[in-house]
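See below for the structure under consideration.
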Amino acid sequence: MNDYIIEARGLYKTYHGEEQAAVDGIDLTVRKGSFFGLLGPNGAGKTTTLAMLTGLLEPDDGLLRVAGFDVRTALDEVKRRIGLVPQEISLYPSLTARENLAYFGMMQGLSGERLNGRIGHCLEFARLNDLAMRRVETFSGGMKRRLSLAIGLIHEPLLLFLDEPTVGVDPASRLFIYENLKAMNSNGMTIVYTSHYMEEVQALCDEAAIMDSGRVIAKGPMSALLSRRGRGVIRIQTESVPSEALRLAIESLPDVQSAVIKNGLLTIETSDPEAAIEAVMGLLREKNVKLMSISHGAADLEALFLSLTGTHLRD
Amino acid sequence: MNDAGNWTKLGASIIKEARLIVRDREALVILFVMPLAFVLIMSLAMQDAFREKSGVFTVAILDNDKGAVGQSVIVAFSSAGYMKTTVFEGAHTEADVKKEINSGAFKFGVIIPEGATTLAKARVQRQLRFAKGEASSGVNVRLISDPAMRVDHRNLVAASLSRALAGVENRLLWEQFAALAGMKITPEREKEIRELLAANRPFEEVKPEDAAGAGVNAPMPTSVQQSVPAWSLFAMFFIVIPLSVTFIKERQLGALTRLKTTPVPPLVVMAGKAIPYFIINQLQIALMLAVGFFVVPLLGAEALSAGNSPVGIALLTVSASLAAVGFGLMTAMFCKTTEQSTTFGGTSVIVFAALGGIMVPKFLMPQFMQSLSIISPLSWGLDGFLDIFVRGGAVRDILPEAAGLSFFGLICMGIAAWRFGLKPR
């Protein structure tokens with residue numbers, strides 16, 4: 001019995017006219033029932049990977065099985081088992097909430113009593129029962145997001161892909177999305193989630209993969225990924241932008257694992273924050289660098305991402 | 001479409017698209033109100049221009065002579081196919097004729113002076129050198145025209161008048177020769193001479209022909225026969241804008257992406273788009289024909305005369321719709337933004353319309369432009385409709401146009417499907 005709902009081996013894609021591969025031979029597996037985060041800066045190949053996983057784009061090479069079916073040979077079987085909540089609102093603004101649900105439900109092959117039942121359930125889920133007959137163009141951003149999520153669930157997929165589902169969403173709707181995704185995951189649905197919000201991914205996902213330049217540069221359970229990069233992060237702001245010589249000097253300190261300068265800010269990863277702070281302060285005094293602020297926190301996905309890619313995810 | 005579920009999906013797609021169209025007021029204005037306004041305005045505005053082109057000049061004749069000259073002019077003008085004559089009798093004056101022309105009731109007026117026949121006879125006798133008395137000037141028969149009349153049309157009527165007067169002169173000469181020969185000229189003799197001359201004219205009537213061999217007397221459309229199919233075709237092709245815009249919006253909003261992750265064949269997606277617009281095209285032509293039949297006459301123009309081939313009209317409508325929908329789908333596939341599709345779609349249809357004789361009738365175009373019009377599918381459609389409406393054509397007569405439009409539409413649809421297949425699935 002295979003435990004994986006997504007199996008990608010040597011997945012490769014180059015766009016017409018491009019020399020560099022958008023996805024460069026990645027291996028990726030997602031366990032059934034997991035909440036999987038897919039991270040990467042712009043141009044990392046994340047969107048292309050998602051497009052291949054959802055059957056929107058055909059891989060140039062490699063093996064790709066989703067929900068037990070080969071995407072190349074049994075695409076319709078794959079499509080019946082997956083749902084996609086795209087980054088865009090992906091609704092018809094001049095149709096009502098019910099008409100949108102009915103249309104996409106029918107496109108998924110639902111009809112009759114089953115369709116009506118699912119529409120009712122999804123309206124209830126999105127808390128849009130009272131607004132079912134209102135045109136979507138009159139909805140707030142949060143209501144549209146909730147409806148978009150509900151449409152992704154209309155056919156009860158085994159595997160749900162969410163691409164930046166909380167962009168432009170008010171805090172209440174964001175909380176609604178978090179809670180419901182967690183509940184659905186607890187009930188056995190596998191979720192693949194991409195987001196620029198690191199804290200979201202860290203809080204929701206139990207597994208993650210980080211992509212950069214078309215490759216997976218780190219993957220695994222969230223706890224393993226975080227422990228891999230030490231216990232803490234120190235952020236230092238100096239009066240002037242730190243020099244490369246200063247960064248190298250800090251990185252060579254015994255308790256420091258890495259030091260990165262980005263936007264004038266020095267981010268240091270360490271396994272022993274207290275010892276590292278003391279050593280760094282001593283070095284700054286010695287180099288006569290004036291300190292403006294210093295903060296310390298636990299190791300997080302943001303720091304991991306920064307150390308792996310040299311960039312903030314939201315850049 | 002071997003899966004029965006695909007028919008349900010197609011039905012759902014058609015209903016969805018119909019709702020999007022019906023709820024888009026701007027699209028409805030473009031698709032129905034705009035062509036309706038064009039049909040009404042152009043049918044009424046172009047009435048006179050089409051009447052002139054088809055050679056129906058209205059002529060008022062004021063015959064103060066009541067003799068052979070006046071009679072000859074009236075007979076000559078009445079028998080010419082391109083003039084509709086009205087003889088002013090009773091107490092009318094030259095001022096009355098001018099007033100009628102200025103009011104637009106007549107395009108030309110012919111003033112035959114009192115005593116014209118007597119004076120003409122005297123002038124002929126002087127030519128033969130046996131006239132007595134004082135010399136006099138020639139008879140001055142005058143032609144008055146609407147100032148807006150084209151010079152070539154004025155020259156045409158003036159030439160007709162001169163020819164009629166030359167005939168009178170010829171006859172008078174005959175009569176004088178007969179008198180010289182000792183024949184007594186009685187009314188019966190005059191009639192005999194007139195018939196003899198008419199039956200034995202040395203030259204046949206000259207009938208102008210154009211290089212294409214159609215002849216100037218080939219049937220010409222009325223303004224309604226031109227405007228109704230022309231602006232209907234324009235409106236049918238104008239679906240390129242709403243069709244491509246809704247498709248591009250679907251792409252931009254991500255709905256198409258979501259749709260592509262559902263188990264729906266691309267053919268169903270495209271057919272779901274095409275069929276509602278195909279139906280709209282049929283409604284457009286039905287509405288425009290109804291306006292031509294029933295509304296235009298209420299506003300003073302003549303009702304649409306649509307020939308005798310409803311099957312031919314239906315065939316042309318269907319094939320023109322295939323062309324329009326195909327062109328719209330192709331535009332949607334190649335344009336990335338709604339601005340691009342609106343600009344490209346709008347401009348291309350207007351250029352097709354200008355070339356195809358929609359805005360300026362083809363018969364008013366120079367030969368070079370008429371030849372160029374072959375590249376416009378609107379021109380094929382219009383030619384087909386005019387074949388039926390004006391020349392009494394049947395299905396077999398419009399088959400080339402219908403085949404051309406259908407082929408154009410299928411090629412465009414093929415390109416659109418190919419392009420749709422290239423995009424992310």
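Contact map, segment B:242-266: first residue touching a residue at least 60 places away in the same chain (Cβ under 8 Å), second residue outside any helix (DSSP H, G or I) and surrounded by 23 or more Cβ atoms within 10 Å (Cβ to Cβ), Cβ cut-off under 8 Å, separation 6 or more or different chains; pairs are B:257/A:84; B:257/A:86; B:257/A:90; B:260/A:55.
Residue check: residue B:384 meets all listed conditions (1) of a type outside the set (D, E, K, R); (2) at pLDDT below 90; (3) surrounded by 14 or more Cβ atoms within 10 Å (Cβ to Cβ) but one, namely (2).
Residues are listed down the side, and each one gets a yes or a no for (1) surrounded by fewer than 23 Cβ atoms within 10 Å (Cβ to Cβ); (2) within 19 Å of residue A:36 (Cβ to Cβ):
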residue: A:142; (1), (2): yes, no
residue: A:147; (1), (2): no, no
residue: A:169; (1), (2): yes, no
residue: A:173; (1), (2): yes, no
residue: A:176; (1), (2): yes, no
residue: A:182; (1), (2): yes, yes
residue: A:185; (1), (2): yes, yes
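When you check residue A:157 against the structure, is it assigned to a loop (DSSP other than H, G, I, E, B) and under 24 Å from residue B:17 (Cα atoms), yes or no? No; evaluated as a whole, the condition is false for this residue. Taken over segment A:82-106, the criterion of being farther than 18 Å from residue A:158 by Cβ and β-branched (Val, Ile, Thr) is satisfied by A:89, A:96.
For segment B:134-173, name all the residues that are under 26 Å from residue B:185 (Cβ atoms) and either of a type in the set (Val, Ile, Thr) or without any contact (Cβ under 8 Å) to a residue 12 or more places away in the chain (or both). Of everything in segment B:134-173, those that are under 26 Å from residue B:185 (Cβ atoms) and either of a type in the set (Val, Ile, Thr) or without any contact (Cβ under 8 Å) to a residue 12 or more places away in the chain (or both) turn out to be B:134, B:135, B:137, B:139, B:141, B:162, B:166, B:168. Screening segment B:5-94 for helices (runs of 4 or more DSSP H) wholly inside it with 2 or more residues that are farther than 29 Å from residue A:138 by Cα and not small (Gly, Ala, Ser) returns the ranges B:34-45, B:47-53, B:68-79. Residues in segment A:107-131 that are under 29 Å from the mean Cα position of the chain (by Cα), in a helix (DSSP H, G or I) and under 21 Å from residue A:159 (Cβ atoms): A:107, A:118, A:121, A:122, A:125.
In segment A:44-55, what residues are within 11 Å of another protein chain (Cβ to nearest Cβ) and in contact (Cβ under 8 Å) with a residue 12 or more places away in the chain?
Residues satisfying the conditions are A:47, A:48, A:50, A:52, A:53, A:54, A:55.
Just to be sure before I move on: is residue B:119 surrounded by 15 or more Cβ atoms within 10 Å (Cβ to Cβ), farther than 30 Å from residue B:361 by Cα, in contact with a His (Cβ under 8 Å, 6 or more places away or on another chain) and at pLDDT 85 or above in the structure I sent? So residue B:119 does not fit the description; no. For segment A:100-137, a residue qualifies if it is within 12 Å of chain B (Cβ to nearest Cβ) and without any contact (Cβ under 8 Å) to a residue 40 or more places away in the chain, and the qualifying residues are A:102, A:103, A:106, A:107, A:111, A:112, A:115. Condition check: among the aliphatic types (A, V, I, L, M), outside any loop (DSSP other than H, G, I, E, B) and farther than 14 Å from residue A:194 by Cβ. Does residue A:11 satisfy that? Considered against the rule, which asks whether it is among the aliphatic types (A, V, I, L, M), outside any loop (DSSP other than H, G, I, E, B) and farther than 14 Å from residue A:194 by Cβ, residue A:11 comes out as yes.
Conditions tested, residue by residue: (1) surrounded by fewer than 22 Cβ atoms within 10 Å (Cβ to Cβ); (2) closer than 12 Å to residue A:159 by Cβ; (3) within 14 Å of another protein chain (Cβ to nearest Cβ); (4) in contact with a helix residue (DSSP H, G or I) (Cβ under 8 Å, 6 or more places away or on another chain).
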residue: A:3; (1), (2), (3), (4): yes, no, no, no
residue: A:8; (1), (2), (3), (4): no, no, no, yes
residue: A:11; (1), (2), (3), (4): no, no, no, yes
residue: A:21; (1), (2), (3), (4): yes, no, no, no
residue: A:35; (1), (2), (3), (4): no, yes, no, yes
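Listed here are the residues, each with its yes/no results for (1) within 19 Å of the chain's Cα centre (by Cα); (2) modelled with pLDDT of 90 or more; (3) over 22 Å from residue A:154 (Cβ atoms); (4) within 14 Å of chain A (Cβ to nearest Cβ).
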{"position": "B:207", "(1), (2), (3), (4)": "no, no, yes, no"}
{"position": "B:238", "(1), (2), (3), (4)": "no, yes, yes, no"}
{"position": "B:263", "(1), (2), (3), (4)": "no, yes, no, yes"}
{"position": "B:267", "(1), (2), (3), (4)": "no, no, yes, yes"}
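The test for being away from chain A (no Cβ under 12 Å), β-branched (Val, Ile, Thr), under 34 Å from the mean Cα position of the chain (by Cα) and assigned to a helix (DSSP H, G or I) holds for residue B:285.
With respect to the conditions (1) touching a residue at least 60 places away in the same chain (Cβ under 8 Å); (2) away from chain A (no Cβ under 14 Å), residue B:339 lacks only one, and its number is (1). Here residue A:211 fits the description: farther than 20 Å from residue A:32 by Cβ and under 19 Å from the mean Cα position of the chain (by Cα). The conditions of being in contact (Cβ under 8 Å) with a residue 24 or more places away in the chain, more than 13 Å from chain B (Cβ to nearest Cβ) and farther than 23 Å from residue A:184 by Cα are not met by residue A:142. Residues in segment A:246-286 that are of a type in the set (Ser, Thr, Tyr) and at pLDDT 85 or above: A:252 only. Among the residues of segment A:22-77, those identified as assigned to a strand (DSSP E or B) and at positive phi are A:25, A:62.
Within the set A:64, A:75, the sole residue that is closer than 19 Å to residue A:158 by Cβ, out of contact with any Phe, Trp or Tyr (no Cβ under 7 Å at 6 or more places or on another chain), within 8 Å of chain B (Cβ to nearest Cβ) and aliphatic (A, V, I, L, M) turns out to be A:75. A count restricted to segment B:17-41 and to residues that are within 14 Å of another protein chain (Cβ to nearest Cβ), surrounded by fewer than 16 Cβ atoms within 10 Å (Cβ to Cβ) and under 15 Å from residue B:234 (Cα atoms) stands at 1.
Just to verify a result, which residue in segment A:78-99, among those that are of a type in the set (A, V, I, L, M) and part of a helix (DSSP H, G or I), is nearest to the other protein chains (Cβ to nearest Cβ)? By that ranking, first place goes to A:78. Among the residues of segment A:189-198, is any of a type outside the set (Ser, Thr, Tyr) and assigned to a loop (DSSP other than H, G, I, E, B)? Within segment A:189-198, one or more residues are of a type outside the set (Ser, Thr, Tyr) and assigned to a loop (DSSP other than H, G, I, E, B).
The values are calculated or read from the model by the stated rules, or taken from the named source; none is laboratory data. Since this is a predicted model, take the numbers as computed values, not measurements. All Cβ positions, glycine included, derive from the backbone under ideal geometry; neighbour counts span all protein chains shown.
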